[in-house]
Amino acid sequence: MKTEVLKVNRKNPEKGKIERAANLIQRGELVAFPTETVYGLGANAFDARAVKKIFKAKGRPADNPLIVHISDMDMLDALVERIPEKAIPLMEKFWPGPLTLVMKKKRNVPDAVTAGGNTIGVRMPKNRIARALIKKSGTPIAAPSANASTRPSPTEANHVYEDLSGRIPLILDGGKTDVGIESTVLDLTSRTPAILRKGKIARSDVKKVIGAVVDHTQKKRGKVKSPGQKYRHYAPKAKLVFAREGISAVRRFISKNKEKKVFVITHLERKNSHRGAYRTLPWGKKSNVSAAARKFFSLLRRCDQEGADVILIENPPRKGIGDALYDRISRGGKRIV
Ligand code: TXA
Ligand code: MG
């Protein structure tokens with residue numbers, strides 16, 4: 001299969017291009033598209049055969065459920081048994097946006113989407129291309145991140161191409177994504193709502209709207225409620241290590257690993273600040289954690305492309321989205337200090 005990459009205007013998506021993509025969705029094919037978080041690999045959520053193609057194209061384990069994306073509130077009724085009371089103010093405040101809500105699913109949602117479970121994760125993305133595609137398709141779209149399973153999530157169309165070319169017919173190219181890491185996943189089916197995956201919308205943000213919220217992102221293997229959290233994830237090919245603080249530890253690591261190509265992702269602005277490193281790549285200003293989050297997956301891919309043996313990350317501050325970013329870094333790598 002030849003994979004076409006189609007550039008689409010992110011502010012004002014061209015009608016004809018969206019129609020072509022929607023047509024593929026309606027015919028049971030896959031389309032990769034940008035969302036504000038990362039690129040998604042979409043299929044008609046009510047077409048079990050199409051949804052199964054997603055798992056095949058990504059090499060995704062069948063027990064990991066997919067998030068379903070909607071463009072309008074009307075689409076929600078077809079997916080969930082009932083809308084939980086606490087969901088309403090959350091939807092009002094954070095939708096469209098990077099918050100996935102896990103609710104009781106309706107029976108007619110194919111098992112392939114929910115990995116056989118009785119809950120479903122739903123979100124309304126903000127990206128206009130995503131919204132236009134869902135609306136034109138006239139159906140909710142099930143979409144995981146459009147990377148090959150275990151690879152870093154794609155934040156640009158060429159990342160999707162790198163992983164999935166030859167496996168899917170179309171990628172809508174809407175440029176770089178805004179947030180850069182995946183949505184917050186919030187379970188509304190447990191007694192106390194629970195964060196299953198960290199994202200831009202923090203536990204404290206949710207708490208302000210609905211009160212008590214627990215953090216279930218650190219649960220040990222076997223007990224996880226969000227199956228995605230138990231797999232090796234966000235992983236570059238190179239070994240990933242990170243330092244929470246102190247450039248002295250970074251320097252020590254570099255000098256101990258002289259025979260390896262160590263790439264350092266750093267806040268330091270002067271190029272020669274990490275003498276001995278094979279390459280240094282900039283996070284940008286330390287105060288701008290959002291910019292770091294936006295760049296993260298792309299930097300990992302760049303290190304791989306340029307042949308890194310080890311990627312050494314100076315961890316950005318854990319404030320704001322920095323906490324979710326730290327979550328991704330720590331799942332992908334090992335802490336050295
Ligand atoms: O930002 C995002 O959420 C992106 C874009 C494309 O929307 N999507 C995404 O999908 O990251 P994926 O499949 O890569 O990650 C979905 C996560 C997984 O950790 C999965 O286990 C969890 O959400 N999840 C999905 N449905 C769930 C459910 N019913 N119960 C618990 N966890 C669920
Ligand atoms: Mg993913």
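Every number in this text was worked out from the coordinates using simple rules, so none of it is lab data. All of these numbers come straight from a predicted model, not from anything done at the bench. Neighbour counts run over all protein chains shown; Cβ positions are idealised from the backbone, glycine included.
Near V214, the amide H atoms lying under 5 Å from its own belong to A194, I195; only residues 5 or more places off or on other chains count, and H is placed 1.01 Å from N. Take every DSSP beta bridge whose two residues both sit in the chain, then give the antiparallel share in percent to the nearest 5. Around 35 percent antiparallel, to the nearest 5.
Can you flag which of K93/K136; K198/K219; K104/K219; K53/K104 are past 20 Å Cα-Cα? Don't skip to the end; give the middle numbers.
Working: K93/K136 25 Å; K198/K219 13 Å; K104/K219 22 Å; K53/K104 24 Å.
Those over the limit are K93/K136; K104/K219; K53/K104.
Relative contact order, percent, of the range 55-182 when contacts are C-alpha pairs under 8 Å separated by at least 6 residues? Taking the mean separation of contacting Cα pairs over the length of the range 55-182, I get 31 percent. In order along the range 127-136, the Karplus-derived 3J(HN,Hα) couplings, from 6.51 cos²θ - 1.76 cosθ + 1.60 at θ = phi - 60°, round to 3, 5, 5, 4, 4, 5, 5, 5, 4, 5 Hz, and Gly and Pro are given as x.
For the range 181-191, backbone phi angles converted through the Karplus equation (6.51, -1.76, 1.60; θ = phi - 60°) give residue-by-residue couplings of 10, 5, 5, 5, 10, 10, 8, 9, 9, 7, 4 Hz, Gly and Pro being listed as x.
Which value results when the Cα radius of gyration for the chain is divided by 2.2 N^0.38 Å?
Working: Rg = 19.8 Å, N = 337, 2.2 N^0.38 = 20.1 Å.
Computed over Cα atoms of the chain, the ratio equals 0.99.
Give the shape of the range 2-88 as rounded, prolate or oblate, defined through the alpha-carbon gyration tensor: a ≥ b ≥ c are the square roots of its eigenvalues, a/c under 1.5 means rounded, and otherwise the shape is prolate if a/b is larger than b/c and oblate if not. Since a/c reaches 1.5 but b/c is at least a/b, the shape of the range 2-88 is classed as oblate. In order along the range 90-99, the phi-based Karplus estimate (6.51 cos²θ - 1.76 cosθ + 1.60, θ = phi - 60°) of 3J(HN,Hα) comes to 5, 5, 4, 7, 10, 9, x, x, x, 10 Hz; Gly and Pro are listed as x.
Counting neighbouring Cβ atoms within 10 Å and putting the fewest first, the residues E182, E269, E29, E85 line up as E85, E269, E29, E182. From the alpha carbon centroid of the range 140-178 to that of the range 6-69 is 9 Å. Could you work out the pair-distance distribution P(r) of the range 56-211 from its alpha-carbon pairs, with 5 angstrom bin width and percents rounded to whole numbers? Bins of 5 Å from zero give 2, 9, 18, 22, 22, 17, 9, 3, 1, 0 percent of pairs. Highest GNM mean-square fluctuation among N108, N127, N288, for the chain modelled with Cα contacts below 10 Å: N108. Here the calculated FRET efficiency for K208 and K256, from their Cβ-Cβ distance with R0 = 41 Å, stands at 0.35, rounded to the nearest 0.05.
Here the label points at S248 and E4, each 7 Å from Cα along the C-beta direction, are separated by 6.0 nm in the simple model.
Pairs of Cα atoms nearer than 8 Å and 6+ residues apart set the relative contact order; for the range 128-201 it is 20 percent. Modelled spin labels at I336 and S273, positioned 7 Å past Cα toward Cβ, are 1.6 nm from each other.
Remind me, relative contact order of the chain in percent, using alpha carbon pairs under 8 angstrom and six or more residues apart? The value is 20 percent. For the pair D77 and E162, label points projected 7 Å from Cα toward Cβ lie 4.4 nm apart. Amide hydrogen proximity for T35: with H placed 1.01 Å from N in the peptide plane, the residues at 5 or more positions away or on another chain lying under 5 Å are G40.
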